[in-house]
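First comes the structure, then the notes that go with it.
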Amino acid sequence: MKDVSFGQYYPIDSYVHRLDPRLKLLFLIVYIVCIFLANNFAALGVCAAVLIVTVIFSRVPIGKVFRAVRGVIVLIMITAVLNLFFYTGEGEPLWEWGILAIYREGIFFSVFLILRILLLVVCSSLLTYTTTPVALTDGIESLLTPLKWIKFPVHELALIMSIALRMIPALTEETERIKNAQKARGADFESGNPVKRIKAFIPILIPLLLSALRRADELGDAMDSRCYMGGKKRTKYKKLRFSWRDLIAASVGAALLAGVIVMRIFLGGIL
Amino acid sequence: MRIVAEHLSYTYDASSPFAARALDDVSLTIEEGEFFGILGHTGSGKSTFVQHLNGLIRLPSSQKRYRPKKGQALPVLRVGEFDLADKKTDFKALRKRVGMVFQYPEYQLFAETVRDDVAFGLKNFAEKGKMPTEEARTEAVKSALEIVGLDYGEVADQSPFDLSGGQKRRVAIAGVIVTRPEVLILDEPAAGLDPLGKKEIMELLHRIHGDWCKTIVIVSHDMDEIAENCTRAAVFSEGKVVMCATPKEIFSDEARLSALGLDLPLVAKLCHALRARGISIDCDDKTEDFVRAVLSLKEGGA
Amino acid sequence: MHAIEFRDVDFSYGEGGFRISKLNLDVEEGEFVAILGHNGSGKSTFARLANGILVPDRGTIRIFGVPLSDKTLYEIRKQVGVVFQNPDNQTVASIVEDDVAFGAENIGTPREEIGRRIDFALGAVGMQAYRHATVQRLSGGQKQRVAVAGVLALKPRVMILDESTAMLDPRGRKEIMDVVLRLNREEKMTVVLITHFVEEAMQADRAFVMNRGELVMQGTPREIFSDGERLLTFNLALPRISVICQALNEGGMSVTDTLDFNILADEIAKELVCGS
């Protein structure tokens, strides 16, 4: 029984955990921009240093962080290998075989790319490790608030996200239960050709769909009877508040962005 | 089929911060032919235990990459001739002979007609190249529907979703017993039904018990249900079996049960109250039995 | 003044579907009423009509004298809270306090007041310690208590529980019943409890029996349960203790039909001692 409502959330208390979710979202965006603005090893090194310090402050075990990387390792390898072999640099190739050739620049470029993807993955998974999906939803709703001016249904979107988060664990459990019930009736989900396997899921999908509809119906009634009338006139109990922690993190983000831009201008590209 | 479990332990989410021990060194034997009850609060490990019995939860030693830990009592689980601790066990063959009805089984119905839904297990469990003929299937579905108290001609072509709650549940039970399992396990078979529906379900279980399914195991919260129906029962608490005896023996230990936060069935309450008034009634904690015992006392005294 | 008043209410789910016909029913202010009936007798439809989730075809529904209409709908929903059956399908938010806040947020309650209401509501159901807990990790009984708290945050005067204990284990059922009884006795909340459980219905001041969309019996729970023959005609089972009383009487004893096992034990003891 895995609790999806927590996603990857690692439930401890730390400086990073306590940051305002809006700030963490913005920080992630700024950080990604920095990674892509950084065009030399020095700048990328600074980005990496900032991230390492953040990981230390988050107190998320290093093993967890690497587990996130493991999921994309194949992607990283493929990109790196492709770049290694197909990057055409100036001067003589270091190694050549048919259309494949390795240039000095190719090696640099591959390493650079690996680093970029690594930083990207670690930083975004750090966000999910340190922020509950609920807080993320609140953060997104709050950041999108200005869009209300163009009649974008911010409140409805946030409510849909929060109900989905609330219902996913229940539905996951239910899927498991239905799957077991059908297994007990001899259903086989593991063998046979792909068509057969897809067909084998019908006895799970139909009950699951019906259950989701029934739940939606009941939840609708429960919301109605608690006076739900859409976003108008609605107040909100939880307000996100910036604190001194967020101020420090924001300054770090701003400094990083400035630093990376400066290095981009004055140090030039990797090659 | 005799069920023998020794030293079963199980932990959910073992590697996560939310790890929860569901079974803790459980040993329990259920004889062939019993109507066995499993009692306990939610989260006491009852459901986890019964899911072991048809291999929905596997013993560590029956899994591929198993390495035994030193100094640990090796868990044993045998159902009839099946050794569930063995990797090579044919779990599908096991499931054919150990039927399992989950809580609210009507929520697993999926087919367009009642007939197709009940026949689902029949087709799944057919051995390769030995699919039963159309007539044989119809015959099996028909008798399964009849024993659960539904009229084949009336419901077979209906959509299962058009039936009433109690009927749906009976169709779901028919869908499990259609392959004539020797052991039938039911997780709270009467939950959520109205009193009449509950009564009908228990009656139908007694119809099945014996010729159709030799052994029946029910998980229940309802003390009266256990007292009225079971030959023996086990009480689970915090992943352990804390009592295992006949209902009469279990319910005579009022202090122990109340320490576990469990109530007594009505007849046991009456017997205790009468004993406090100096009258001892010798009966099985079943309503009929109690009435008979009281009436014979009255006649004997008169 | 009646808290809930149904006058000649007709309702049907489409052509030939299930219907409620000519339902006349009053619940007094501060009263604790139980509604019994087999599955499909119209009990749940009653709950959904009483706070305007369903709209009757004919007839009037008044809540504290105010007729239910489109104009009064939200005022009435504030006054009549409904707790439903499935503990998993009533909570909107993942965190307890956010869910309790939902109703109060909907009606535009100021922030500080929402905070006070959450304190009050969680206190009333004994769940203060779980304020920041994840709903999914709670037991069934605890989830239902959160659902009750979510209704209480709207400060209703009537609470309808639509088989809210049906899916709970005995411990969870007791938790809910304790909360409901306390609300009724201490907060003077009008309570309508729809249930299959005799022990629960017995705690009510009055009981109604519904059958095929009609109100067929009303009286004190004791009166209702002692009329075994009529209960059977409405597809309701007798309480086990009544079955025992009947069987004893048929066997030549004379015990008064009671629902209290201690009284029955007294009666049996008396019979046996006198007999000898």
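The table below gives the values:
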read-out: Sole residue being open to solvent by 50 Å² or more (accessible area, probe 1.4 Å) and within 14 Å of chain A (Cβ to nearest Cβ), chosen from C:Lys22, C:Lys71; value: C:Lys71
read-out: Pick from region B:135-156, criterion part of a helix (DSSP H, G or I) and charged (D, E, K, R), ranking: most open to solvent (accessible area, probe 1.4 Å); value: B:Glu135
read-out: Criterion: within 11 Å of another protein chain (Cβ to nearest Cβ), surrounded by 16 or more Cβ atoms within 10 Å (Cβ to Cβ) and either over 22 Å from the mean Cα position of the chain (by Cα) or in contact (Cβ under 8 Å) with a residue 60 or more places away in the chain (or both) - qualifying residue of C:Asn235, C:Asn249; value: C:Asn235
read-out: Elements of type helices (runs of 4 or more DSSP H) contained in region B:236-302, each with 2 or more residues being β-branched (Val, Ile, Thr), more than 30 Å from B:Gln51 (Cα to Cα) and outside the structural domain of B:Leu39 (by TED's automatic domain parsing); value: B:287-301
read-out: Answer residue from region B:157-187, given it is assigned to a loop (DSSP other than H, G, I, E, B) and farther than 18 Å from A:Arg185 by Cβ and is most open to solvent (accessible area, probe 1.4 Å) among those; value: B:Asp157
read-out: Filter pass, C:Arg230 being under 27 Å from C:Ser12 (Cα atoms) and of a type in the set (Lys, Arg); value: yes
read-out: Tally of residues being of a type in the set (D, E, K, R) and either under 23 Å from A:Phe36 (Cα atoms) or crowded, with 17+ Cβ neighbours inside 10 Å (or both) across region A:127-152; value: 2
read-out: Conditions (1) surrounded by fewer than 24 Cβ atoms within 10 Å (Cβ to Cβ); (2) in contact (Cβ under 8 Å) with a residue 24 or more places away in the chain; (3) more than 12 Å from every other protein chain (Cβ to nearest Cβ); number of the one not met by C:Val66; value: (2)
read-out: Residue in region B:89-96 that is buried (at least 16 other Cβ atoms within 10 Å of the Cβ), under 25 Å from B:Gly165 (Cα atoms) and in contact with an Asp or Glu (Cβ under 9 Å, 6 or more places away or on another chain) present; value: no
read-out: Qualifying residue in region A:232-242 (condition: surrounded by fewer than 17 Cβ atoms within 10 Å (Cβ to Cβ) and more than 14 Å from chain C (Cβ to nearest Cβ)); value: yes
read-out: Identity of the residue in region A:255-271, open to solvent by 70 Å² or more (accessible area, probe 1.4 Å) and without any contact (Cβ under 8 Å) to a residue 60 or more places away in the chain, that ends up nearest to A:Asp20 (Cα to Cα); value: A:Val262
read-out: Among (1) out of contact with any Lys or Arg (no Cβ under 9 Å at 6 or more places or on another chain); (2) in a helix (DSSP H, G or I); (3) surrounded by 13 or more Cβ atoms within 10 Å (Cβ to Cβ) - the single one A:Leu23 does not satisfy; value: (1)
read-out: Within region B:93-134, considering residues that are within 19 Å of the chain's Cα centre (by Cα) and in a loop (DSSP other than H, G, I, E, B), the one nearest to the other protein chains (Cβ to nearest Cβ); value: B:Phe102
read-out: Lone unmet requirement of (1) surrounded by 21 or more Cβ atoms within 10 Å (Cβ to Cβ); (2) of a type in the set (D, E, K, R); (3) in contact (Cβ under 8 Å) with a residue 40 or more places away in the chain for B:Glu200; value: (1)
read-out: Failed criterion for B:Val267 (all others in (1) within 11 Å of chain C (Cβ to nearest Cβ); (2) β-branched (Val, Ile, Thr); (3) farther than 23 Å from C:Asp266 by Cα hold); value: (3)
read-out: So C:Leu181, is it open to solvent by less than 10 Å² (accessible area, probe 1.4 Å) and modelled with pLDDT of 90 or more; value: no
read-out: Residue within region B:248-266 that is open to solvent by 10 Å² or more (accessible area, probe 1.4 Å), within 20 Å of B:Gly45 (Cα to Cα) and touching an Asp or Glu at 6+ places or on another chain (Cβ under 6 Å) present; value: no
read-out: Number of the condition not met by B:Gly80 [criteria: (1) modelled with pLDDT of 90 or more; (2) surrounded by 16 or more Cβ atoms within 10 Å (Cβ to Cβ); (3) at the interface with another protein chain (Cβ under 10 Å from one of its Cβ atoms)]; value: (3)
read-out: Residue pairs meeting the criteria (Cβ under 7 Å; at least 6 apart or on separate chains; first of a type in the set (Val, Ile, Thr), in region A:240-254; second part of a helix (DSSP H, G or I)); value: A:Val252/A:Val50
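The rows are residues; the columns are (1) within 12 Å of chain B (Cβ to nearest Cβ); (2) in contact with a Ser or Thr (Cβ under 9 Å, 6 or more places away or on another chain); (3) polar (S, T, N, Q); (4) in contact (Cβ under 8 Å) with a residue 40 or more places away in the chain.
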site	(1), (2), (3), (4)
A:Leu136	no, yes, no, yes
A:Ile140	no, no, no, yes
A:Leu143	no, no, no, yes
A:Leu147	no, no, no, no
A:Leu157	no, no, no, no
A:Ile168	no, yes, no, yes
A:Glu174	yes, yes, no, no
A:Arg197	no, yes, no, no
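Okay, residues lined up against (1) farther than 26 Å from A:Ser14 by Cα; (2) open to solvent by 20 Å² or more (accessible area, probe 1.4 Å):
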| position | (1), (2) |
| --- | --- |
| A:Ser125 | no, no |
| A:Glu156 | yes, yes |
| A:Glu174 | yes, no |
| A:Ile204 | yes, no |
| A:Leu209 | yes, yes |
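One line per residue, one yes/no per condition, for (1) more than 14 Å from chain A (Cβ to nearest Cβ); (2) within 18 Å of A:Met167 (Cα to Cα); (3) over 15 Å from the mean Cα position of the chain (by Cα):
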{"position": "C:Val100", "(1), (2), (3)": "no, yes, yes"}
{"position": "C:Arg116", "(1), (2), (3)": "no, no, yes"}
{"position": "C:Ala147", "(1), (2), (3)": "no, yes, no"}
{"position": "C:Val158", "(1), (2), (3)": "no, no, no"}
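The values are calculated or read from the model by the stated rules, or taken from the named source; none is laboratory data. Here the structure is a predicted model, which is why all the values come from computation and not from measurement. We place every Cβ from the backbone using ideal geometry, glycine too, and count neighbours over all the protein chains shown. The protein model used for the area step is the full one, side chains on, heavy atoms only, and it has no ligands, DNA or RNA in it. Shrake-Rupley method; radii C 1.70, N 1.55, O 1.52, S 1.80 Å.
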